[in-house]
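Trainee: There's a structure below that I have some questions on.
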Amino acid sequence: MLNQLATEVKASMSIYDAQEDEVYGLLAEFAHPGELLHAAAAVREAGYKHYDTHSPFPIHGMDKAMGLGNSIIGWITLVGGITGLSLATLMQWWMGAQSYPIGISGKPFFSIEPSIPIMFELTVLLAALLTVGGMFALNGLPRPYNPLFFSKNFLRVTDDAFFLHIAASDRRFDMSSTEAFLKGLGASHVETIHDREEEDGV
Amino acid sequence: MSETVKRSNPLIWLIDPLKSTASNADPAYRFTWSQAAWMLPLAIGIAGLVISAVGWATDSHQFYFSYLIGWTFCLSLTLGAYFFVVIQHLTKARWSVVIRRIPEALIWSFPLLAVLGLPIIFGMHDLYHWTHLELFDPASPEYDPILAGKEGYLNMPFFMARMAFYFIVWTFVSFRLYTLSIRQDVTPEAGITAKQRKISAIGLVLGGITTAFAAMDILMSLDPHWFSTIFGIYFFAGSFMAIMAVMVLVSMLLQRNGMLNGVIKVDHYQDLGKFLFGFTVFWAYIAFSQYMLIWYGNLPEETIFYRHRMEHGWETFSAVLLICHFIIPFVVLLGRWSKRLLPLLGFMCVWMLVMHWFDFFWIAAPVLHNEHAAMSMYDISAWLGLFGVFSAAFMYRMSRHALVPQHDPRLAKSLSFTNS
């Protein structure tokens, strides 16, 4: 149960577990971004969950084609903001009125007016930090090791190639039928990726 | 002026400087609403002004304040539209082309506002304390050394000259922006877009300076002892927020009446909603910056402004302003969903426009009623009266031309704009 949950959480970050026979998944190459977009939609409609697309540039509409929905990053930002606001208020009150009260030109030890800039800044700071941190976490970054790097072909992903990867951990994954399915979508090249951790990548 | 775009006759010029080009409009961008679109607001406007006229006859002091608040409200919407158009041209914005005709039509309100502003000249003595000449006379018991020191700036001839200068600048820039855009509708010559950008660059600089000074002259000098160097930005922040609300509401009105369907999409609304939210926050940021420095400095001639607004019942109005102009819209408009839920966005736009008026009311009315807080029915009638006439002229202008800058080179990008 817990293992399954961990697998799903990792899969949402595009980190997939390899099968026992070291098969990590199938990597299909497409010639155009449009083909990749259609393939992604077809893969989603076929019921696959553990798959990802790779391209040299962002493709408009890919989030819809993959059915990614709205990111929860906004809620993480909100949590960061509220935490920052509360911490700053507490800090201003504790430092000004509790720990070390100093009278300055008759101003109250703690009042909301001069504290607002601090409250505002800490709200923004924690919201921003949690947004960036949350974005990294949700994307499973940084990720220095990825079994896809074993594919020589995959090096072109930062240049002129468009890839769709279906992970072996997907419930619907079946070596032969998935390969046929990807070929049927117009993939110019389908490659089996093995997760060989002990070996060196390309 | 090209062959196909002609100047309108001098009587209409105040409302629209060009002859109707509606027959050149693409059928998809044609104004198909009945004349009720402008007759209805005109009727409301005239009714409001007639009621206000009763106020002028019975309590002219109150009337002039009410009228000034309503007039400033309309002026601020027009200035917001002015800045919006200018910024869209300068940034070569693509997303906003489908809604740009709305602010473009709004900016030609300046000549009408100049005419509607004439009654204020007769109320200068009621409105502006600094027009009382005995303040500047050392022999008079009314002598006020602080105001006497400001006599070089706060005097009638210079005030009128400044007002004339502002309106000439605004009208000139608006005339160029408005007529160039309509000309592009009819004869899509190359180079019009570049000309629009050029006048926008000049317009942004001139507009920034004139708006800041106009805000100080019209509103800040109501309380002539008080001064705040950030006041121009405060005025701008509210105006720019309000124009977003106006664009959303006008788009919704047009779409409800069967125009521009499929042209203005939820993505455009969401972006307007983002700006509405952003400038609500910006307004609060500026309002607070003004407040905090005055709180900290604690100088009598500065704190008097807030003191007037924190006693004799005005503290309730101040609290309403803070909660309803900032806290509630902040929470409601923060999420993505609320900006894409059009009934809610429309409601918040009406809300923010009311609060925008309330902001001016909060600035001006305590000068009149500094002994006890009061809101007069003439505040409402003058506001609705002026806003009705203003909206009627705007709607009439909209009905005479295409609803979208139909030959703008960036229109296709705006039509296919998505932000999901």
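Trainee: If you scan the stretch B:382-414, which residues turn out to be more than 14 Å from chain A (Cβ to nearest Cβ) and farther than 26 Å from B:Ser34 by Cα?
Mentor: Within the stretch B:382-414, B:Ala382, B:Asp408, B:Pro409, B:Arg410, B:Leu411, B:Ala412, B:Ser414 qualify.
Trainee: If a residue has to be within 14 Å of another protein chain (Cβ to nearest Cβ) and either part of a helix (DSSP H, G or I) or over 27 Å from B:Tyr291 (Cα atoms) (or both) to count, how many in the stretch A:108-130 make the cut?
Mentor: Number of matching residues: 13.
Trainee: Here is a further query. Can you give me the ranges of the helices (runs of 4 or more DSSP H) entirely in the stretch B:1-97 with at least 3 residues that are in contact (Cβ under 8 Å) with a residue 40 or more places away in the chain and basic (Lys, Arg)?
Mentor: none
Trainee: State the number of residues belonging to the stretch B:110-154 that are in contact with a helix residue (DSSP H, G or I) (Cβ under 6 Å, 6 or more places away or on another chain), more than 21 Å from B:Ile363 (Cβ to Cβ) and not aromatic (Phe, Trp, Tyr).
Mentor: 9
Trainee: Turning to a different aspect of this structure: Checking B:Thr280 against (1) open to solvent by less than 50 Å² (accessible area, probe 1.4 Å); (2) free of Cβ contacts under 8 Å to residues at least 60 places away in the same chain; (3) touching a Pro at 6+ places or on another chain (Cβ under 8 Å), only one condition comes out false. Which one?
Mentor: (2) is the only condition that B:Thr280 fails.
Trainee: Take the conditions of a type outside the set (Asp, Glu), within 26 Å of the chain's Cα centre (by Cα) and not in a helix (DSSP H, G or I) and apply them to A:Arg156. Does it pass?
Mentor: no
Trainee: In the stretch A:89-145, which residues are surrounded by 13 or more Cβ atoms within 10 Å (Cβ to Cβ) and among the basic types (Lys, Arg)?
Mentor: Selection gives A:Lys107 alone.
Trainee: Please find, within the stretch B:294-313, the residue that is surrounded by the most Cβ atoms within 10 Å (Cβ to Cβ) out of those that are closer than 19 Å to B:Gly238 by Cβ and out of contact with any Asp or Glu (no Cβ under 7 Å at 6 or more places or on another chain).
Mentor: B:Arg309
Trainee: Shifting gears a bit: From A:Ser177, A:Ser105, A:Ser169, grab the single residue that is within 14 Å of another protein chain (Cβ to nearest Cβ), of a type in the set (S, T, N, Q) and out of contact with any Pro (no Cβ under 9 Å at 6 or more places or on another chain).
Mentor: Testing whether each residue is within 14 Å of another protein chain (Cβ to nearest Cβ), of a type in the set (S, T, N, Q) and out of contact with any Pro (no Cβ under 9 Å at 6 or more places or on another chain) leaves just A:Ser105.
Trainee: Let me ask something else. For residues in the stretch A:48-68 being within 14 Å of another protein chain (Cβ to nearest Cβ) and open to solvent by 60 Å² or more (accessible area, probe 1.4 Å), which is modelled with the highest pLDDT?
Mentor: That would be A:Pro58.
So that you can scan it fast, the table gives a plain yes or no per residue for (1) within 12 Å of B:Ser66 (Cα to Cα); (2) away from every other protein chain (no Cβ under 14 Å); (3) touching a Ser or Thr at 6+ places or on another chain (Cβ under 9 Å):
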position: B:Tyr306; (1), (2), (3): no, no, yes
position: B:Leu333; (1), (2), (3): no, no, yes
position: B:His356; (1), (2), (3): no, yes, yes
position: B:Ala365; (1), (2), (3): yes, yes, yes
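The values are calculated or read from the model by the stated rules, or taken from the named source; none is laboratory data. On a predicted model such as this, the values are computed, not experimentally measured, just so you know. Glycine also receives a Cβ, built like all others from the backbone with ideal geometry; neighbour counts cover every protein chain displayed. To get the accessible areas, we keep the full protein, side chains included, count just its heavy atoms, and leave off ligands, DNA and RNA. Shrake-Rupley method; radii C 1.70, N 1.55, O 1.52, S 1.80 Å.
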